[in-house]
Amino acid sequence: MRQPGLRVGGLTVGAVLRGVDLTVERGQIHALRGPNGAGKSTLLSAVLGEIPFEGTVCRAAGRVGYVPQRFTADAALPWTVRDFLALARSSRPAFLGTSSSVKAHIDAMLAAVGLGDAADKPLGGLSGGELKRLLFAHAVDPLPALLLLDEPAAGLDAVSTERLYMQLTALKAQGCAILLVSHDPLEVADQVTQLREGRVVA
Amino acid sequence: MLELLQYPFMVRGAVAVALAAVVLGTLSHVVVARRLAFFSTTVGQAAMTGVSVGVLLGEPLNTPWASIIGVCLLVALGLVYLRRRATLPHDALVGVFLALTLGVGVCLLVAVTKRFNIHALEAVMFGSVLTVTAADNWLLAGVGLSALITVALLYNRLMLQSVDGSLGRAQFGEQPQVEYVFMVVLTLALIVSTKVMGALMVEAMVLLPAVTARQWGRKLSTLVLLSIAVAVFSGEAGLLLSAAVHVPSGAAIVLMLSACFLGALVLRPRQQMPTKHYGS
C-alpha cells in the first residue's frame, strides 16, 4: 500500500494547534478551512519544519512545493522573474545567467500561468496576483510529491482562479498530494478539514 | 600620480586592493540580500580584538593571523548558533555581539598598549595597504579564490533562502550547514582584507559596492559586474589618495566608495522598483 503524501498525528503547537490529525493521500486535494486564528497557516509551518511542534509529521519522500500566504519581493536587489526562477532550476549560479535550455524551460513555466511576457520584469514590479501565479509556477516545477498552498486564490481574478483549479486537478491526476488552505468553498477539494481554535471540528 | 607605481610596495598594494575588491565586491550583493552589513562590522571589530589577543599571546604585531581568525570565527559561529535558536530579532542579536566585541576589544587594547605604542595598531584598525607583503597577497588570493568558489557552489541555495526562508526550506530542505559555511567563508574573506581596509572599515567594502550598483543594475548579472567595478575603482582610487595625502588606506577607500554611492544615487535612472507585498 502506498504511503500517503502527508500524515499528521496529534500535532500540537503551543495553544495554536491542539492535537490535530490529518492525512492527505496522493492524488487527493485536501482543503483546510477555518476562521482567522484557527491555526491553518501554523499547520503548514509545522509541516515545513519552520516551527517546533509536538506530535508526528510524516511526509512522502520527494519534493515539497509551497505557495506562502505572504511574500515580500525584496527591493534590496534587482531580481528579475527569470533570476528568481533560475535559483531552483539551474546548476549554474544565477548571477552568471541561464543556459538556453533553462531559459526555455522558465519561459514555458511562465506561459503555463499566464505570465509569458514577465521573464525580464523586476520581481518587485509584479502585482499581487502576478506574484501568486509566479509562486505557483515555482511550487509545481518539478512535480512535487506534496504541494502546500496557503490561500492560493486570494488576489487572483476569475480567469486566473479558474486556471489555478484546472492545474490543481491536473496535478492531482499526476499523483500529487495537495493540501490547501482556503476561506472559499472549493469544488475541487476531495476532502475538507475544518479547524477551529486549533482543533479539528469537521 | 601614476609614477607612484614605480615603487614595488605600491604595486603590491595595488594588487592587494584589486584582490580584496574583486572578492568583497562579488560577495557584497549576497551580504545585502542576507542582511549581513552589521555582521560584517562585528567581524571587523572582532578582528581588532583578535589582534590584541594575539599580541598578548606573543604573536607578531603585524601578522597575528591565528588569533584574529580564532576570535572572528568564534564570534561568527556563535552568532549563527544563537540566531538559529534565540527568538531575538537578528539585528538585536548582532547588536549585542557588536557591543561585546567592541567592549572586549577596547579593554584588551588598553592592556596591549602597556606593551606597545597604540599607534602601532593603527595599521590594523584603519588599514595600511602600503605595508602589504607578497605573502599577504598570496593569502588574500588563496582565501579569496576559495571564498568565491564556495559561494558559487552554494549561491542558488543562499539566494533562494534570502528571497524567502520558507521557499528555500521547501525547495532544498533544512540546511543549516549552508548558512554556517557562508558565514565562515565571509568571515575569512573579511579578515584577509583587513590589511587593505582596516578592521574598523572592512564592512564598507562588502556593503557599498552592492548598494551603489543597485542604483543602476536591473538584473543579478549586471549588479554583480557593477559591484566589482565599483569596488575595484574605489579601491585603487583610494590607494592613490592614501599615498598622495598620507591618510590610512581604509579611510581613503571608504571615502571613494561613499563618493561612488552618492554619485550613483544622484545620477540613477528615474525608474525605481517598488517593494510589493501580498497577503494580510
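The values are calculated or read from the model by the stated rules, or taken from the named source; none is laboratory data. Since the structure is predicted, the reported quantities are computational estimates derived from the model, not experimental observations. Cβ atoms come from the backbone with ideal geometry, glycine included; neighbour counts cover every protein chain shown. The area values use the complete protein model at the heavy-atom level, side chains included, leaving out ligands, DNA and RNA. Shrake-Rupley method; radii C 1.70, N 1.55, O 1.52, S 1.80 Å.
Mean-square fluctuations from a GNM of chain A, with a 10 angstrom spring cutoff on Cα atoms, peak among A:153, A:118, A:139 at A:118.
Summary value for the stretch B:2-267: 32 percent relative contact order, contacts being C-alpha pairs under 8 angstrom separated by 6+ residues. Under the membrane-span-like helix rule (DSSP H runs whose alpha carbons stretch at least 15 Å along the helix axis, mean Kyte-Doolittle hydropathy -1.0 or higher), chain B yields B:8-33, B:37-56, B:65-85, B:90-112, B:134-163, B:176-192, B:220-245, B:249-267.
So for chain A: antiparallel DSSP bridges make up what percent, rounded to the nearest 5?
If I count the DSSP bridges inside chain A, around 40 percent turn out antiparallel.
Relative to the longest principal axis of the Cα atoms of chain A, helix A:158-173 runs at roughly 70 degrees. Need the list of lysines near residue B:114 for cross-linking: C-alpha distance under 24 angstrom, and skip anything on the same chain fewer than eight residues off. Of all the lysines, those that pass the test against residue B:114 - Cα under 24 Å, at least 8 places apart if same chain - are B:195.
Exceedance of the 23 Å cut-off in Cα-Cα distance is limited, within the set A:40/A:121; A:132/A:172; A:40/A:132, to A:40/A:121. Which residues of the stretch B:218-233 bury at least 50 Å² of accessible area once all protein chains are present, versus their chain alone (1.4 Å probe)? Hits at the 50 Å² cut-off: B:220. In this rough spin-label picture, where each label sits 7 Å from Cα along the Cβ direction, the residue B:106-residue B:267 distance is 4.0 nm. Just to confirm the number: angle between the C-alpha axis of helix A:100-112 and the first principal axis of chain A, 0 to 90 degrees, nearest 10? With both axes taken from Cα atoms, the answer is about 50 degrees. Between B and A, buried accessible area from a 1.4 angstrom probe totals roughly 3500 Å², ignoring ligands, DNA and RNA. How far is helix A:128-139 tilted off the main Cα axis of chain A, in degrees rounded to 10, range 0 to 90? Around 80 degrees separate the two axes. Grab the beta carbon distance between residue A:92 and residue A:170, set R0 = 25 Å, and tell me the FRET efficiency rounded to 0.05. Taking R0 as 25 Å, the efficiency between residue A:92 and residue A:170 is 0.25. With both labels modelled 7 Å from their Cα along Cα-to-Cβ, the residue A:120 to residue B:99 distance reads 5.0 nm.
Among B:259, B:237, B:189, the largest mean-square fluctuation in a Gaussian network model of chain B (Cα springs under 10 Å) belongs to B:259.
Here the simple spin-label model places points 7 Å from the Cα toward Cβ, and for residue B:57 and residue A:159 these points are separated by 6.7 nm.
Residues considered: A:65, A:14, A:128. Largest GNM mean-square fluctuation over chain A, using C-alpha springs under 10 Å, is found at A:14.
Taking a straight Cα-Cα cut-off under 14 Å and skipping sequence neighbours fewer than 8 places away in the same chain, the aspartates and glutamates within cross-link reach of residue B:219 are A:74, A:83, A:120.
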